[in-house]
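Report on the structure given below.
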Amino acid sequence: MLKTLVVLVTVLATADLYACSCYLSGGAKSGFTSADAVFVGEVVDGYHGATARLRVVESFKGPTDPEIEIVTAGNAAACGYGDALFPGTRHLIYTRRHEFFPYFEVSTCSRTKPVSQAAEELALLRSRAWWWRSSPGSTNVLSRLQLLWRTRHRRAEIRAERRAAQAAPRTPSGECFLLQPLDGSEPWVSDRVECGVRTAPASTFKIPHALIALDSGVVTDPLQPVRWDGSEQPFESWKRDHSLDSAVKWSALWFFRRTASLIGRERMVASLKKLRYADDTFEGELASFWVNGDLVVSPREQLRFLERMMRYELPVRREHVDAVKAAFLMPPGKLTNASGEHDFPLGPPGTFVVRAKTGNTRVGEERVSWLVGHLETGTRQYVFVSRVRSQEAIPGTAGAELVQRMLESSLTDPRRERRVCILTIGGTKWDSCGT
């Protein structure tokens with residue numbers, strides 16, 4: 001009996017309502033490095049409903065199964081590949097294993113294409129000449145082999161780290177910082193166990209919440225103010241009318257409690273499942289599940305969500321993603337949250353465009369402070385997640401302060417002897433990979 005590997009692309013129940021938008025960076029080399037499997041497949045059983053079966057004709061990276069079943073959306077509007085899967089046709093397939101769930105992902109947002117359109121790319125893959133070419137950050141054959149080895153084992157390590165985080169006793173405090181370049185290279189991880197620990201997302205949940213509000217039609221104009229009802233609020237920044245844009249910037253809880261009630265429980269649960277924000281859902285109060293510990297998320301899950309968002313890989317219209325990106329765009333050198341505007345220098349003025357969202361809450365005796373976001377510098381882009389946990393009092397800017405500490409140090413992985421591009425953000429040497 002033939003083994004079968006299931007490859008999943010997000011299935012959109014309302015696929016025709018969305019136009020597929022993707023962020024693709026790099027060429028075949030980048031695609032190969034970031035993929036978990038790259039192969040040529042011939043369609044044996046054509047697309048019907050949700051699946052198609054392919055025979056592996058030529059494998060460049062994984063899989064070992066002779067036949068593969070692909071699950072995909074049916075049309076390009078939903079970033080699906082089903083329209084191209086006719087019996088007898090051959091395709092160059094790039095797949096990535098999902099970071100937290102037991103399946104692979106494939107879509108038109110990868111470099112997947114018909115073989116008839118991939119002659120040059122196939123020649124490059126077959127020659128593998130680029131394995132040995134020097135490039136920034138790689139000076140010899142050994143370093144190239146190390147890069148390939150790390151890529152091959154990255155997903156297995158992530159799964160092992162997740163199991164370790166689940167099995168390890170929960171410490172009373174911890175710090176996690178994650179930095180993911182959007183060029184397909186590896187993330188930098190400060191503490192592999194701590195970054196798998198789940199806590200309430202607090203106000204960082206306003207990012208997926210805002211996407212759901214726009215996607216559901218509850219909010220139709222992100223700049224349209226909603227009148228404050230005059231109720232007592234703990235922060236001066238909340239005591240005024242807010243639009244979705246300003247409510248994200250100033251973390252206005254009353255605004256999002258209102259949108260949650262308009263979205264409703266059933267639609268909120270379905271939207272969270274569609275977005276795959278976390279391997280969790282909520283059961284309690286609709287107006288506060290993101291701050292009271294009902295919904296929990298790990299820094300790794302947050303990072304993966306942000307990466308997919310910034311690559312336009314979420315099943316959400318591009319203009320809605322752009323509206324939310326604009327909402328958590330920070331003023332140069334500053335950071336805003338409910339308590340006001342705070343200094344947040346990263347490098348010389350003009351070095352970075354920063355999009356960031358703070359989050360602070362207390363569940364039982366545990367206090368949590370987050371900062372999650374996106375960095376742009378020149379042509380380079382990164383997503384990051386920072387979280388501080390403690391049973392002692394911590395400032396509301398603790399997550400932001402951790403980001404500054406980590407980025408201002410030399411980010412060297414002592415086990416892998418690897419550095420990311422950003423080194424001393426607070427000083428003059430802020431990018432070791434060049435411009």
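What follows draws every value from the coordinates through simple rules; no lab data is involved. Please read all numbers here as calculations on a predicted model, not as lab measurements. Every residue, glycine among them, receives a Cβ derived from its backbone with ideal geometry; neighbour counts consider all protein chains shown.
Going highest first, how would you order 199-206, 81-88 by mean Cβ packing within 10 Å?
Values: 199-206: 26.4, 81-88: 16.9.
Packing proxy ranking, top to bottom: 199-206, 81-88.
Under a point spin-label approximation (7 Å from Cα along Cα-to-Cβ), what is the GLN233-GLU285 distance to one decimal in nm?
Placing both labels 7 Å along Cα→Cβ, they lie 1.9 nm apart.
For region 343-358 and region 192-258, compute the distance between their C-alpha centroids and round to whole Å.
Computed from Cα coordinates, the inter-centre distance equals 21 Å.
Using a 10 Å cut-off on Cβ atoms, rank the peptides 386-394, 106-114 from the highest mean neighbour count down. It would help to have the intermediate numbers written out before the result.
Details: 386-394: 18.3, 106-114: 20.7.
Ranked from most to least packed, the peptides come out as 106-114, 386-394.
Among residues other than ILE263 whose Cβ falls under 12 Å from its Cβ, what is the net charge (Lys/Arg +1, Asp/Glu -1)?
Values: positive: ARG257, ARG258, ARG265, ARG267; negative: ASP215, GLU266.
Net charge in that neighbourhood comes out at +2.
Label LEU124 and ASP65 with points 7 Å out from Cα along Cα→Cβ: what is the distance between them in nm?
Label at LEU124, label at ASP65, 2.8 nm between them.
Among 210-223, 364-377, what's the highest-first ranking by average C-beta atoms within 10 angstrom per residue?
On the way: 210-223: 19.0, 364-377: 20.9.
Top to bottom by mean Cβ count within 10 Å: 364-377, 210-223.
Taking amide H atoms as placed 1.01 Å from N in the peptide plane, list the residues 5 or more away in sequence, or in a different chain, whose amide H sits under 5 Å from that of THR361.
VAL368
Mind scanning LYS274/LYS357; LYS273/LYS334; LYS273/LYS357; LYS61/LYS113; LYS29/LYS357 and naming the pairs with a C-alpha gap bigger than 25 Å? Could you put the intermediate results ahead of the total?
Numbers: LYS274/LYS357 22 Å; LYS273/LYS334 33 Å; LYS273/LYS357 22 Å; LYS61/LYS113 16 Å; LYS29/LYS357 33 Å.
Violating the 25 Å limit, Cα to Cα: LYS273/LYS334; LYS29/LYS357.
Let me have the relative contact order for region 171-419, percent, based on Cα pairs under 8 Å that are six or more residues apart. It would help to have the intermediate numbers written out before the result.
Working: 464 pairs, mean separation 62.3, N = 249.
The value is 25 percent.
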